[in-house]
Amino acid sequence: MSDTFLKMLKKGVRLPMLLVDGADLARCLAAPILPRLATVKASLPGHLPLDGARKVAIFNHYDPRGIVHDYVVYFVAKLAEAGYAVIFASNCPKLSAKETGKVLPHVAWVLKRRNIGWDFGAFKDAIALIPDPGALDQLLITNDSIYGPLQDLAEVVRQADPAQAGIWGLTDSWDRHFHLQSYFLIFHHAALKHPSFLKFWKKVRYYRRKRWVIRDYEIGMTRFFLRAGIQCRALLPYRSVVSEISKPLNEALDRSKQQDAVVDNHGNSQGQILPYLRQLQKAINQGRPLNQTHYFWDYLVARKASPFIKRDLLQRNPVGIPCVQRWEEVIRASSPSYDTSLILHHLQLSMRNRVH
């Protein structure tokens, strides 16, 4: 009975829920949607050519209300300005012609997808549009989970030396396994023409569960290509950032032992911040991997010229990083040409019960 239900699900047959027991339902919901089911609802050309492009960028977009926000339009325009033919792959339930029109002047193609497979499903569908990925000089994949670019994008990409690695990420992580964080990845020609490139994307399945996407694709992709002999490196490697941060962090905590709680120049008492800094020091000393895009966000932007800041840090601040409300001050000091109102406007539309 269970196998029958599973086969019906994979064929797209709607199951009468009263006929499915608990075990069957769990298996049905867990089953991946197979690639042979239609994932692309519509596609249309943008104003820029894809044919003959030497550099392609794939931008994955999702907004539950079908809005293409100003910060997204800015990001996509900067990709085009840096010389990329952009494929805009949107997973929105509905995306109107008005919203699509915001990005058409900056892109080569727009894909309107069903919201299945998450970002890796979108990347897979967009790569299928490229006649010969192995002929490209570079493929960049990114998404709307970041605000920016805060720095010149072409200069950032130039630092990703193809002689040192075939695949580059902006940041890496050691959580569970070493991997490049997938919000910004650069594939150079050597990686694109390697047989493992198409092999990996051919095997990508349209998972429903985000944790499976993270396990098999965000984490699994780096491991897959490393096993294939392709070097994977980060422009802002975690180990280097932690090494740089450790000394001033230790010095600050040593000084704090000799001082009473005072108010710092951001209006935060050391009595409030010190427990957090001690926990941070303990985690670093024990070698526990941290998400540097959250824990070290201000250091990355102010000292390392990171071109991006994570959207969920400002929207949710899931691990309770102190002083995140300083984001506008930090960005303006390090990236005076970036219009912070792009971020503020999105936060105003998307946040509830928080002030940033």
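The values are calculated or read from the model by the stated rules, or taken from the named source; none is laboratory data. Because the structure is predicted, anything quoted here is derived from the model rather than measured. Positions of Cβ are backbone-derived with ideal geometry, glycine not excepted, and every protein chain shown enters the neighbour counts. Remember, those area values only see protein heavy atoms, side chains included, never the ligands or the DNA or RNA. Shrake-Rupley method; radii C 1.70, N 1.55, O 1.52, S 1.80 Å.
Residues checked against (1) modelled with pLDDT under 95; (2) part of a helix (DSSP H, G or I); (3) within 23 Å of residue 237 (Cα to Cα); (4) not hydrophobic (A, V, I, L, M, F, W, C):
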site: 305; (1), (2), (3), (4): no, no, yes, no
site: 314; (1), (2), (3), (4): no, yes, yes, no
site: 318; (1), (2), (3), (4): yes, no, yes, yes
site: 321; (1), (2), (3), (4): yes, no, yes, no
site: 331; (1), (2), (3), (4): no, yes, yes, no
site: 339; (1), (2), (3), (4): no, no, no, yes
site: 345; (1), (2), (3), (4): no, yes, no, yes
(message) Can you tell me how many residues within the range 301-315 are more than 14 Å from residue 146 (Cβ to Cβ) and either exposed (fewer than 15 other Cβ atoms within 10 Å of the Cβ) or assigned by the TED database to the domain that holds residue 157 (or both)?
(response) 1
(message) Which condition from (1) at pLDDT below 95; (2) surrounded by 14 or more Cβ atoms within 10 Å (Cβ to Cβ); (3) among the hydrophobic types (A, V, I, L, M, F, W, C) is the one that residue 34 breaks?
(response) (2)
(message) Please go through (1) within 19 Å of the chain's Cα centre (by Cα); (2) more than 24 Å from residue 201 (Cα to Cα) for residue 117 and return the number of the only condition it doesn't satisfy.
(response) (2)
(message) Let me spell it out: the conditions are (1) open to solvent by 50 Å² or more (accessible area, probe 1.4 Å); (2) in contact (Cβ under 8 Å) with a residue 24 or more places away in the chain, and residue 227 meets all of them except one. Which number is the exception?
(response) (2)
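Would you check if there is a residue in the range 101-108 being over 25 Å from residue 214 (Cβ atoms) and modelled with pLDDT under 95?
no
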(request) Identify the single condition in (1) over 24 Å from residue 157 (Cβ atoms); (2) among the aliphatic types (A, V, I, L, M); (3) open to solvent by 60 Å² or more (accessible area, probe 1.4 Å) that residue 283 does not satisfy, given that it satisfies every other one. (result) (3)
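For every residue, the table says whether it meets (1) modelled with pLDDT under 95; (2) open to solvent by 10 Å² or more (accessible area, probe 1.4 Å); (3) among the hydroxyl-bearing types (Ser, Thr, Tyr).
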| position | (1), (2), (3) |
| --- | --- |
| 180 | no, no, no |
| 185 | no, no, no |
| 191 | no, no, no |
| 195 | no, yes, no |
| 198 | no, yes, no |
| 205 | yes, yes, no |
| 208 | yes, yes, no |
| 211 | yes, yes, no |
| 214 | yes, yes, no |
(request) Find all pairs meeting these conditions: Cβ atoms under 6 angstrom apart; at least six residues apart or on different chains; first residue within the range 64-90 and basic (Lys, Arg); second residue modelled with pLDDT of 95 or more. (result) 78/149; 78/153
(request) Answer yes if at least one residue in the range 88-109 is more than 22 Å from residue 338 (Cα to Cα), open to solvent by 60 Å² or more (accessible area, probe 1.4 Å), of a type in the set (A, V, I, L, M, F, W, C) and in contact with a Phe, Trp or Tyr (Cβ under 8 Å, 6 or more places away or on another chain), and no otherwise. (result) yes
(message) I need the full set of residues from the range 64-87 which are open to solvent by 10 Å² or more (accessible area, probe 1.4 Å) and either touching a His at 6+ places or on another chain (Cβ under 7 Å) or in a helix (DSSP H, G or I) (or both), in order please.
(response) 69, 70, 73, 74, 77, 78, 80, 81
(request) Select from the range 123-167 the residues that are in contact with a Lys or Arg (Cβ under 7 Å, 6 or more places away or on another chain), of a type outside the set (Ser, Thr, Tyr), open to solvent by 10 Å² or more (accessible area, probe 1.4 Å) and more than 23 Å from residue 49 (Cα to Cα) and list them in ascending order. (result) 164
